[in-house]
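The values are calculated or read from the model by the stated rules, or taken from the named source; none is laboratory data. Just so you know, these numbers come straight off a predicted model, no measurement behind them. Every residue, glycine as well, gets a Cβ built from its backbone with ideal geometry; the counts of neighbours run over all protein chains shown. Note: accessible area is taken over every heavy atom of the protein model, side chains too, but ligands, DNA and RNA are not part of it. Shrake-Rupley method; radii C 1.70, N 1.55, O 1.52, S 1.80 Å.
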Amino acid sequence: RLYEIDTRLRPNGRSGLLVSSVQAFRQYQTEQAWTWEQQALARARPIAGDIQIQSCFQRLRQELLQQPRDLGTLKADFINMRSKLRQAHAQESQAAGKHGLTTSNFPLAQRPLSPAYLKHGPGGLLDIQFLIQYWQLALSHLCPELSQHQHSVDILKTLQHNCSLEIPFDSQTLRQAWESLSAIQHQLCLIGTRAPIKPAPGIANFANMSATLNDATSFAQQCYQASFDAAKQD
């Protein structure tokens, strides 16, 4: 099995058809889709099937991502979605007897080093992913090249090099934070959290790895706050 499929996430949920036409998908996305469904388009890509339909979907995806959006509504929706994911993950972790997100104020070196925490913890991969997808949805109508990419690193490179757009953080530094956290998460997934781990590529020793993790998550939290905190106050 390569991918898990949740058919509840299709257009119109359980009441919708398992398969829809391209035109029906376009109509749903433009008239009924929630923000999280538009957010899912940021990483959507065809993996099998008719080549012409794949090409049509790619063009439609870019067209949808390039639609202008109300930034106030978009921010509020992203904040709400991220809050729900944090709560759900904390409840699942606590129910399973694992470490939840109750030590978010601790230095990262004192937190349990696990793939799940690197993803869900404050300033972790999911926070960065939300940031990237927010700015992709917010700015693709001004910079269409953003809509061409599905990978986070490519989007951050585009923000850095090809867009004369104002964003409240340095996208190159955020890309380095993403790459550092991803490299360590991949190591943990491959060898398991109980086995001794080696520092990620480009990190000389464990002390440097701890410092890198702290720097990466701290900077990501600053970027998140700069992008979304103003919406909380509105």
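Work out how much length residue 22 to residue 85 would gain on full extension: take 0.36 nm times their residue separation and subtract the Cα-Cα distance, in nm to one decimal. Result for the pair: 19.7 nm of gain on full extension. Averaged over residues, the count of other Cβ atoms within 10 Å places the peptides 4-13, 63-72 in the sequence 63-72, 4-13, highest first.
Overall, the accessible surface of the range 1-100 at a probe of 1.4 angstrom is composed of carbon and sulfur to the extent of 52 percent.
Accessible area per residue was computed with a 1.4 Å probe on protein heavy atoms; residue 74 scores about 10 Å². Residue-wise HN-Hα couplings along the range 134-141, as the Karplus relation 6.51 cos²θ - 1.76 cosθ + 1.60 with θ = phi - 60° gives them from phi, are 4, 5, 5, 5, 6, 10, 5, 6 Hz; Gly and Pro carry x. Note on residue 142 and residue 161: their simple-model spin labels are 2.1 nm apart, each label 7 Å out from Cα toward Cβ. Here r is the Cβ-Cβ distance between residue 92 and residue 44 and R0 is 25 Å; the resulting FRET efficiency, rounded to 0.05, is 0.50.
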